[in-house]
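Scroll down for the structure; my scribbles are underneath it.
The values are calculated or read from the model by the stated rules, or taken from the named source; none is laboratory data. Note that the coordinates shown come from a computational prediction; the quantities given were computed from them, not determined experimentally. Glycine also receives a Cβ, built like all others from the backbone with ideal geometry; neighbour counts cover every protein chain displayed. Calculation scope for accessible area: heavy atoms of the full protein, side chains included, ligands and nucleic acids excluded. Shrake-Rupley method; radii C 1.70, N 1.55, O 1.52, S 1.80 Å.
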Amino acid sequence: MPYFIGLMSGTSLDGIDAALVEIDADRPPRLAATHGVPMPVALRERLWQLCHAERARFAELAEAETAFCDLQAGAVAGLLANSGLAACDIAAIGSHGQTIEHAPGGHEGGPPYTLQLDDPSRLAELTGCRVVADFRRRDLAAGGQAAPLAPAFHQALFRAPGQWRLVLNLGGFANLTLLPPTEDERAPLGFDTGPANALLDAWYRRHRGGAYDPDGAWAASGEVDPSLLERLLAEPFFHRPPPRSTGREVFNLSWLHAQLDGDEAPEDVQATLAELTATSIGMGIEMAREQCDAPPAECLIPCGGGAHNGDLLSRLARHLPETPLEDATRLGWPPDWLEAAAFAWLAWRRLEGLPGNLPSVTGAAGPRVLGGIYAP
């Protein structure tokens, strides 16, 4: 069975996830091995600054891209060492790259764009593997949002007979996939619901100094501020019907500070941000059910880093009394590795000449084969 590698670095900027996936057209994908490489502090700061910069010099972009690519190559080397495979055993690497800015609606009257730092030519040179990259812009060219792309993979893994299922990726931002039963002709629906870890991590870093709030303990120590929550939920994005996607361009600390009175206790703001994530996901689920005329889902499958946040999951459970949360591991997929594995699967789709997007999710004019191929 062919092996593919998926590489993913999300908006949390915490590191590179590398997933080795066995993929064959005749059976479901299988996760064979994983390897994670933490983001070096200096590179993380450089990428953070680029994500928030009004302007960036080409030399700064090139320096960050080269360092990021070298880190990806190190992740591939570690994954191959863990699995006992060589570069010649890998059919292709699917590289998402590091999102710097995502503006599918354009910016200040300009054209739509999405920018991921990536150097697939260098990655192919360093690893000796074929690389598939630049997945998002083909969907964008077809009038789509270019995100989220993981719902097509969620469909391949989790769509089941007789069950409506929800898959929820809790990365820097939350994206939702609603899967009809296999016998239902309706297409899956997926979209970004809003911030997940991005604001929680940023506020925690500012006030506590760490990278993230372990298990949501600090959020759990605070009290939700109803007035602040109402102001945050007034953001137009939360009320826009899908297709939709978002990022730090909308939800950042400047956006948050504009809603604060200034006398809130930091832990209460953290609690309110956690409630914002849970509430906006609940709103998104209701929006998806309404659009698909769907009953309550049989289960919700959380994945991504937020799947380990006990406080956030408790809040979600309160918002979804009819839908139990299901551990993805029980369905054969550890929740931390779904997104990286999705880009291994998308690389396989590219080599097979098969579409990688779902127009029902991104709003593109039709199915499109995603990504460019870079030979070693």
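Can you confirm whether the range 78-93 contains a residue that is part of a strand (DSSP E or B) and either basic (Lys, Arg) or out of contact with any Ser or Thr (no Cβ under 9 Å at 6 or more places or on another chain) (or both)? It would help to see each step written out before you state the result.
Initially, the range 78-93 is screened for residues part of a strand (DSSP E or B), giving 90-93.
Among the residues that remain, those that are also either basic (Lys, Arg) or out of contact with any Ser or Thr (no Cβ under 9 Å at 6 or more places or on another chain) (or both) are: 91-92.
Yes, that holds for at least one residue.
Would you mind stating whether Ala75 is under 17 Å from the mean Cα position of the chain (by Cα), open to solvent by less than 20 Å² (accessible area, probe 1.4 Å) and hydrophobic (A, V, I, L, M, F, W, C)?
Working: under 17 Å from the mean Cα position of the chain (by Cα): no; open to solvent by less than 20 Å² (accessible area, probe 1.4 Å): yes; hydrophobic (A, V, I, L, M, F, W, C): yes.
No.
Test Ala217 against the stated conditions and say whether it is in a helix (DSSP H, G or I) and within 24 Å of the chain's Cα centre (by Cα).
Values: in a helix (DSSP H, G or I): yes; within 24 Å of the chain's Cα centre (by Cα): yes.
In short, yes.
Would you check if there is a residue in the range 183-195 being among the basic types (Lys, Arg) and out of contact with any Phe, Trp or Tyr (no Cβ under 8 Å at 6 or more places or on another chain)? Let's see the steps before the verdict.
At the first step, the residues of the range 183-195 found to be among the basic types (Lys, Arg) are 186.
Next cut, out of contact with any Phe, Trp or Tyr (no Cβ under 8 Å at 6 or more places or on another chain) only: 186.
The answer is yes; a qualifying residue exists.
Could you list, in sequence order, the residues of the range 99-126 that are polar (S, T, N, Q) and either in a strand (DSSP E or B) or modelled with pLDDT under 95 (or both)? Before you say what the answer is, go through the steps one by one.
Step one: list which residues in the range 99-126 are polar (S, T, N, Q), which gives 99, 114, 116, 121.
Within the range 99-126, Thr99, Thr114, Gln116 meet the criteria.
Output the residues belonging to the range 127-143 that are open to solvent by 10 Å² or more (accessible area, probe 1.4 Å) and assigned to a helix (DSSP H, G or I). If you could, list the steps in order and put the result at the bottom.
The first filter runs over the range 127-143 and keeps only residues open to solvent by 10 Å² or more (accessible area, probe 1.4 Å), leaving 127-128, 130, 134, 136-138, 140-143.
Thr127, Arg136, Arg137, Arg138, Leu140, Ala141, listed by residue number.
Residues Gly305, Gly332: which one is among the small types (Gly, Ala, Ser), closer than 23 Å to Pro214 by Cβ and at pLDDT below 95?
Working: Gly332 fails: closer than 23 Å to Pro214 by Cβ.
The match here is Gly305.
Only one residue in Glu54, Glu60 is surrounded by fewer than 16 Cβ atoms within 10 Å (Cβ to Cβ) and part of a helix (DSSP H, G or I). Which one?
Of Glu54, Glu60, the one residue that is surrounded by fewer than 16 Cβ atoms within 10 Å (Cβ to Cβ) and part of a helix (DSSP H, G or I) is Glu60.
For the range 348-359, which residues satisfy the criterion of being at negative phi, surrounded by fewer than 22 Cβ atoms within 10 Å (Cβ to Cβ) and not in a helix (DSSP H, G or I)?
Correct list: Leu354, Pro355.
From the list Ser254, Ser227, which residue is over 26 Å from the mean Cα position of the chain (by Cα), among the polar types (S, T, N, Q) and open to solvent by 10 Å² or more (accessible area, probe 1.4 Å)?
Ser227
Restricting attention to the range 107-140, which residues are farther than 21 Å from Leu358 by Cα and in contact with a strand residue (DSSP E or B) (Cβ under 7 Å, 6 or more places away or on another chain)? Please lay out each step first, then the result.
Step one: filter the range 107-140 for residues farther than 21 Å from Leu358 by Cα, giving 107-111, 117-131.
Residues satisfying the conditions are Leu117, Asp118, Pro120, Ser121, Leu123, Ala124, Thr127, Cys129, Arg130, Val131.
Which residues, counting only those in the range 319-347, are over 20 Å from Thr11 (Cβ atoms), open to solvent by 30 Å² or more (accessible area, probe 1.4 Å) and of a type outside the set (D, E, K, R)?
His319, Pro321, Pro324, Leu325, Thr329, Leu331, Gly332, Pro334
Condition check: open to solvent by 50 Å² or more (accessible area, probe 1.4 Å), among the hydroxyl-bearing types (Ser, Thr, Tyr) and within 30 Å of Glu230 (Cβ to Cβ). Does Ser314 satisfy that?
Details: open to solvent by 50 Å² or more (accessible area, probe 1.4 Å): yes; among the hydroxyl-bearing types (Ser, Thr, Tyr): yes; within 30 Å of Glu230 (Cβ to Cβ): yes.
For Ser314, the condition - open to solvent by 50 Å² or more (accessible area, probe 1.4 Å), among the hydroxyl-bearing types (Ser, Thr, Tyr) and within 30 Å of Glu230 (Cβ to Cβ) - is met.
Tally time: how many residues in the range 102-143 are among the basic types (Lys, Arg) and in contact with a Lys or Arg (Cβ under 9 Å, 6 or more places away or on another chain)? Give the steps one after another, and end with the answer.
We begin by selecting, within the range 102-143, every residue among the basic types (Lys, Arg); these are 122, 130, 136-138.
Adding the requirement that they be in contact with a Lys or Arg (Cβ under 9 Å, 6 or more places away or on another chain) leaves 138.
Residues flagged as among the basic types (Lys, Arg) and in contact with a Lys or Arg (Cβ under 9 Å, 6 or more places away or on another chain) within the range 102-143 amount to 1.
Residue by residue, here is whether (1) hydrophobic (A, V, I, L, M, F, W, C); (2) modelled with pLDDT of 95 or more holds:
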| position | (1), (2) |
| --- | --- |
| Val250 | yes, no |
| Pro266 | no, yes |
| Ala274 | yes, yes |
| Ala278 | yes, yes |
| Arg289 | no, yes |
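Just to check your reading of the model, which residue among Pro236, Pro214 is free of Cβ contacts under 8 Å to residues at least 60 places away in the same chain, farther than 30 Å from Pro112 by Cα, open to solvent by 40 Å² or more (accessible area, probe 1.4 Å) and not acidic (Asp, Glu)?
Selected residue: Pro214, the only one of Pro236, Pro214 that is free of Cβ contacts under 8 Å to residues at least 60 places away in the same chain, farther than 30 Å from Pro112 by Cα, open to solvent by 40 Å² or more (accessible area, probe 1.4 Å) and not acidic (Asp, Glu).
Starting from the range 76-92, keep only residues that are closer than 15 Å to Ala341 by Cα, then list their pairs with residues that are in a loop (DSSP other than H, G, I, E, B) and of a type in the set (Lys, Arg) whose Cβ atoms are within a distance under 9 Å, requiring at least 6 positions of separation or different chains.
Partner pairs satisfying both residue conditions: Ile90/Arg130; Ala91/Arg130; Ala92/Arg130.
Tell me which residues, restricted to the range 262-299, are of a type in the set (A, V, I, L, M) and either in a loop (DSSP other than H, G, I, E, B) or open to solvent by 30 Å² or more (accessible area, probe 1.4 Å) (or both).
So the first thing to find is which residues in the range 262-299 are of a type in the set (A, V, I, L, M), and the list is 265, 269, 271, 273-274, 276, 278, 281, 283, 285, 287-288, 294, 297.
Of everything in the range 262-299, those that are of a type in the set (A, V, I, L, M) and either in a loop (DSSP other than H, G, I, E, B) or open to solvent by 30 Å² or more (accessible area, probe 1.4 Å) (or both) turn out to be Ala265, Met283, Met287, Ala294, Ala297.
Taking the range 12-31 as the search range and keeping residues that are among the charged types (D, E, K, R) and assigned to a strand (DSSP E or B), which one is farthest from Ala341 (Cα to Cα)?
Step by step, filter the range 12-31, then rank; the result is Arg27.
Only one residue in Ala146, Ala174 is open to solvent by less than 10 Å² (accessible area, probe 1.4 Å) and assigned to a strand (DSSP E or B), so which one is that? Reasoning before the result, please.
Working: Ala146 fails: assigned to a strand (DSSP E or B).
When all the criteria are applied, what remains is Ala174.
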